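What follows draws every value from the coordinates through simple rules; no lab data is involved. This is a predicted model, so every value here is computed, not measured. Cβ sites come from the backbone with ideal geometry, for glycine too, and all protein chains shown count toward neighbours.
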Amino acid sequence: MAENSKIEWTDHTANLWHGCTKVHLGCDNCYAEATAKRWGNDVWGNDKPRKEIKSFWKDLFKYQKKAAQANEYHKVFIGSMMDIFEKPMPLINSKGEKLSYSTHSLRSKLFSEIDLDMYPNLVFLFLTKRPSNINKYIPEHWKTSPPQNVMFGTSPVDQLTFEKLTRQLLKVSGYKFLSIEPQLTHINIRSMFLFRSTIHWIIQGGESGQRKRPFNLLWAKDMVNACNSLNIPYFFKQIDKVQEIPTDLKIRQFPRNLFHTLKR
Ligand code: SF4
């Protein structure tokens, strides 16, 4: 795990802005919202601006340099304090002043830099609870020729959100993953057998924190079996960050074949 991320399935996290709006049950105890309140940032909700995080570009440059020096690929999760595919929102700077550009300008700049191959050692994990927006906001040519160092992911929490969000994600070209956390009820992924070759990674975990909702280990055992039979790499993140993970669930696979196809 890299220096700046406590999230076990990525090497780094990076955020273009801070702020979001809740979309489903998985957002109830949003860590990023609690952090915004603690820091005095009024950036939550559809009627609030988002706050630009200027250090983003310097951080990416640093991660690229570090990965290149190690001759490795590093995964960068975008973002833990925002949703990269939220609709365009107004921005403020660190002093609370309104900026002339929106969140959409920032994400477009990032997509254009990925096109320019400025980060050859980074794999971008774009995780969203709004997968129906992905095709609206990515560059047109990504729909037919998606970048090889980008994975698009979504976060279902129960059967209903799994079916709805996965269907939307499957309309996107390129590499795709599910981050099923915090899982709130049993999810049967076999109901979507069709995605056998189109979902490249599944991460699963329960909720942590004071208001955590319970996680049933049987959900994890069932998911392991399903991933095995569908040949999908599986990563178990946590029960609740307090309970020890049983030995048979200490499974932390990565979509390695994908990374091997990348060119240096
Ligand atoms: S989408 Fe993510 S960042 Fe936005 S409110 Fe939900 S959990 Fe928080």
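Positive end of the dipole of the chain (Cβ unit charges, origin at the Cα centre): among Thr247, Phe235, Asn225, the Cα lying farthest that way belongs to Phe235.
Per-residue 3J(HN,Hα) values for the stretch 231-245, derived from phi via the Karplus relation 6.51 cos²θ - 1.76 cosθ + 1.60 with θ = phi - 60°, read 6, 10, x, 10, 10, 8, 7, 6, 7, 7, 6, 10, 6, 5, 6 Hz in sequence order (x marks Gly and Pro).
Selection among Leu106, Val76, Thr13 by position relative to the dipole of the chain gives Leu106 as farthest towards the positive end (Cβ unit charges, Cα centre).
Remark: the chain carries a charge dipole of roughly 260 debye about the Cα centre, counting +1 on each Lys and Arg Cβ and -1 on each Asp and Glu Cβ.
Amide H to amide H, with H built 1.01 Å from N, Ile92 comes under 5 Å of Arg50, Lys51, Glu52, Leu99, counting only residues 5 or more places away or on other chains. Applied to the stretch 172-179, the Karplus parametrisation 6.51 cos²θ - 1.76 cosθ + 1.60 on θ = phi - 60° returns per-residue 3J(HN,Hα) values of 9, 7, x, 6, 9, 9, 10, 10 Hz, with x for Gly and Pro. Considering only alpha-carbon pairs that sit under 8 angstrom and 6 or more positions apart, the relative contact order computed for the chain is 14 percent.
Return the FRET efficiency for the residue pair Leu170, Arg252: r is the Cβ-Cβ distance, R0 is 30 Å, and the value is rounded to the nearest 0.05. Mind showing how you got there, number by number?
Values: r = 25 Å, r/R0 = 0.83.
Working from the Cβ atoms, E equals 0.75.
Indicate the gyration tensor shape class of the stretch 7-53 (rounded, prolate or oblate), computed on the Cα atoms with a ≥ b ≥ c the square roots of the eigenvalues: a/c under 1.5 is rounded; otherwise a/b larger than b/c is prolate and the rest oblate. Oblate, since a/c reaches 1.5 and b/c is not below a/b.
Dividing the radius of gyration of the alpha carbons in the stretch 23-88 by their Kirkwood radius gives 1.06 for Rg/Rh. A quarter of the convex hull surface defined by the alpha-carbon atoms of the stretch 62-203 gives 10.1 nm² as the mean projection. Checking the cross-link pairs Lys109/Lys171; Lys143/Lys212; Lys6/Lys58 against a 31 Å limit on the alpha carbon distance flags Lys143/Lys212 as lying beyond it. Taking every alpha-carbon pair under 8 Å whose residues sit at least 6 apart, the stretch 12-141 reaches a relative contact order of 30 percent.
Partner aspartates and glutamates whose Cα lies under 16 Å from the Cα of Lys87, excluding those fewer than 8 positions away in the same chain, are identified as Asp47, Glu52. Between the alpha-carbon centres of the stretch 147-213 and the stretch 1-63 there is a gap of 20 Å. With helices as the sole contributors, the chain gives -8000 deg cm²/dmol at 222 nm; each DSSP H run of n ≥ 4 counts as -39500 (n - 2.57), and the sum is divided by every residue. Note on Ser229 and Met118: with the Förster distance fixed at 45 Å, the Cβ-Cβ geometry gives a FRET efficiency of about 0.70.
Using a basic spin-label model with each label point 7 Å from the Cα along Cα→Cβ, how many nm lie between Asp28 and Arg211? Using points 7 Å along Cα→Cβ, the separation is 0.9 nm.
GNM on the chain, alpha-carbon springs under 10 angstrom: the most fluctuating residue among Pro139, Pro182, Pro49 is Pro139. When both bridge partners sit in the stretch 72-154, DSSP labels roughly 15% of those beta bridges antiparallel. Any of Lys136/Lys176; Lys95/Lys241; Lys66/Lys164 with alpha carbons more than 26 Å apart? Name them for me. Checking Cα-Cα distances, Lys95/Lys241; Lys66/Lys164 exceed 26 Å. The spread of Cα positions in the stretch 12-260, taken along each principal axis and listed from longest to shortest, comes to 50, 40, 34 Å.
FRET efficiency for the Gln243 to Thr198 pair, using the beta carbon distance and R₀ = 22 Å, is estimated at 0.10.
Considering only beta bridges that DSSP places wholly inside the chain, some 15 percent are antiparallel.
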